[in-house]
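Report on the structure given below.
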Amino acid sequence: MSRIKKYIKPLVLLGLILIVFVTGCGPITGGGCSGTQTQGWSGFALYKNVICFGSMEGKVIALDPVARSENKTFPSESEWSYLVKVSTPGSACGAVCAPSSSSAGLGIYDTPVIVEELVYVGTYTGKIYALNASRGVVRWIYPREGYDTVGAIVGNIVTDGKSLYFGSANGKIYALDAATGDFKWEFQTSNKIWTSPTIDNGIIYAGNYGGNVYAISAETGKEIWSIKIPSAVSSSISIYENSLYFGTFDRYLYAIDKANGQEKWKFATGNWVWARPVIQSGRIYSACLDHKLYALDALTGKELWQFTAESPIVSTPVISGNYIDVICDQGILYKLDLDKGTKVSSVALGYTAYGDLFAEGDTVYLYARDHNVYAVDTAKGIVSWKFSSLLK
Amino acid sequence: MIDIWYIAILDPVLNGLIALSQVCYNSFGLAIIVLTVAVRIVLMPLTFKQTQSTKAMQAMQPKLQELQKKYARNQQKMQQEMMRMYKEAGINPLGCMWPMLIQMPIWIALYQSIMQALAATPENLLMLSQHLYSWDIVGQAIPLNEEFLGLKLSQPDPTLILAILVGLSMWVQQKMVTAPSTDPKQAQMASMTTMMMPMMFAFFTLSFPSGLALYWVVSNIIGIVIQYFVGGGWGYFTFPSFKPQPQTAASDQQRALKEGSDKKN
């Protein structure tokens, strides 16, 4: 008995330390101390009558809105899903090592892009998949079998119809042949890229986490100009006429000249502009993590109106007719008047979306954090249908 | 409760660390070291008190053993007498634990700050936005550079080097303050604690972000330095000796026996 007693005191002390550590690291990492989890936040791309997106379970899924509204068993005739397998644990997967099981998927951040019959998606494990848009069958994968992956792809792929362009966490911008997946060029930047590049008139514009913005020739991959700004670029870049628009981590929305990178104006916000600014008819609509949606004059940066939501706005809003739809972190989807910024209607979904919103007429599609795709009729203020990506 | 934790402890540590990293030439590792030194300086009065308390407790050991013998059959009386003795000597028996307990929230805040500030995943980076102050210095430091001396601060050290450093530095620090006891039971217990704590922290190092392990190593080294100067040298820590062992009575006896048997032959 005395032998047991003498061990109690030190064991209690060590146990207390263990409990403090385990409970102490819980709130941040979601209960785990050993690392961080990636989930993904893909938006949608339209192909004929189906919408494609990358799921949080690592699948590329094509949904037919008609079949979903009729509650047909998935997959219906025009629907499919493709699991992006993680077969190389830890390979160029950014900060997170992929699960060791080859059948497990890793959340997809990239919104798919479609060129003719192919749907392209980039993964967090650093691969680009080209799938047949009708059947979800792999046409090609880059890098080829046996070659190193390119680093985590978090931003979207952009295309000019012939080539694909994307940034990677390894700080490089890549160009691939869209039809074959053959490598065309790569451009090394000073820091990692977690946002999407954009293309205009044969020039790629991209920002990185080193506070640089680059203009690169889409044909050759050579730098045309680059600038250094005081903080890293927090959002993807949008283009309107002669200007580029993007947010930064020091809480500004910048407008720079696309010819030389010279600053035109900057607008102070209350937090990061994480979502890509949306531009139409000389107005820039910028969602911000300070709970606000700002409407600014694209030329001068003058504020036209602002709308305050219940919580931060992460996802890129979508314009549909005379309205703009935006969702806040509490899962409230707002329909606002484009001209005045006044609320027309709202639907409380309970779960937010981080990926871009997608609209077709009065229906807004979003991929929420509860793994459901919601089709919301914003005119009626109702959820038309929802679909869980947790396919069995 | 969680809000208080964020507002009062986590957010100041997080923003302080990020601002420090900007001051320290964009080095988050250097910022952790500077913060560790600052924490130890703030806790210096408690550390002095702990050292004095430990020394006083050790000085009282013979008297305590007498009490234990005297009141071996009356535990309650023994406890009362011990408390009276502590009171007369002006010692708080739990005094030596305060610096450790006070450091606990700092460890947790530091762990959470490292995980959040380095934002290993896009979700982490997004979450970080809600905990940052609107200081320019903070905004300009994001996202942080997680590389330091070949380590990725948001991830565990894949080699055993950091785990060994954590374990070794903690073991040395504990050995310096742990007095050898004449009571075999107490000696065994002290020996077990001295070994298990460093082993446990070394084990933690294998799965915790190396930024936190960096904090432990630096903190332990500072602790050793303070103990060296305040406690007077290396205390109860003895360096392994490579000189020939002095002859003991037992070996003398064995030699005498051997010599005796040689003479008989």
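Points worth noting:
- Residue match in the stretch A:233-241 (condition: over 22 Å from the mean Cα position of the chain (by Cα), over 24 Å from A:Ile141 (Cβ atoms) and assigned to a strand (DSSP E or B)): no
- Within the stretch A:202-217, if we keep just the residues that are assigned to a strand (DSSP E or B) and within 14 Å of chain B (Cβ to nearest Cβ), the residue that is nearest to A:Val158 (Cα to Cα) turns out to be A:Gly207.
- Some residue of the stretch A:261-269 being modelled with pLDDT of 95 or more and either touching a helix residue (DSSP H, G or I) at 6+ places or on another chain (Cβ under 9 Å) or in the same structural domain as A:Gln330 (by TED's automatic domain parsing) (or both): no
- Qualifying residues in the stretch A:270-290 (those that are within 16 Å of the chain's Cα centre (by Cα) and open to solvent by 10 Å² or more (accessible area, probe 1.4 Å)) - the one farthest from the other protein chains (Cβ to nearest Cβ): A:Val278
- The strands (runs of 3 or more DSSP E) falling completely within the stretch A:280-368 that include 1 or more residues that are under 25 Å from B:Tyr133 (Cα atoms) map to A:283-287, A:292-297, A:303-308, A:323-327.
- Hey, B:Leu162 farther than 30 Å from A:Trp272 by Cβ and open to solvent by 10 Å² or more (accessible area, probe 1.4 Å) or not: yes
- Selection within the stretch B:107-122: residues that are facing another protein chain (nearest Cβ under 8 Å) and closer than 17 Å to B:Val217 by Cβ. The member of this set that is least open to solvent (accessible area, probe 1.4 Å) is B:Tyr111.
- Inspection of the stretch B:125-132 finds a residue satisfying the criterion of being more than 20 Å from B:Pro209 (Cβ to Cβ) and either without any contact (Cβ under 8 Å) to a residue 24 or more places away in the chain or within 13 Å of chain A (Cβ to nearest Cβ) (or both).
- Unique match (being within 14 Å of chain B (Cβ to nearest Cβ) and open to solvent by less than 10 Å² (accessible area, probe 1.4 Å)) among A:Ala368, A:Ala375, A:Ala353: A:Ala353
- Tally, over the stretch B:191-208, of residues that are open to solvent by less than 40 Å² (accessible area, probe 1.4 Å) and more than 9 Å from every other protein chain (Cβ to nearest Cβ): 4
- The stretch B:133-145, residues that are more than 8 Å from chain A (Cβ to nearest Cβ) and either in contact with a His (Cβ under 7 Å, 6 or more places away or on another chain) or crowded, with 17+ Cβ neighbours inside 10 Å (or both): B:Val138, B:Ala141, B:Leu144, B:Asn145
- With respect to the conditions (1) outside any loop (DSSP other than H, G, I, E, B); (2) touching a Gly at 6+ places or on another chain (Cβ under 9 Å), B:Ser134 lacks only one, and its number is (1).
- Of the candidates B:Met170, B:Met176, B:Met189, the single residue that is over 23 Å from B:Gln112 (Cα atoms), outside any loop (DSSP other than H, G, I, E, B) and touching a Gly at 6+ places or on another chain (Cβ under 9 Å) is B:Met176.
The values are calculated or read from the model by the stated rules, or taken from the named source; none is laboratory data. Bear in mind the structure is a predicted one, so any value in this text is a computation, not a measurement. All Cβ positions, glycine included, derive from the backbone under ideal geometry; neighbour counts span all protein chains shown. Areas reflect the complete protein model, heavy atoms only, side chains present, ligands, DNA and RNA absent. Shrake-Rupley method; radii C 1.70, N 1.55, O 1.52, S 1.80 Å.
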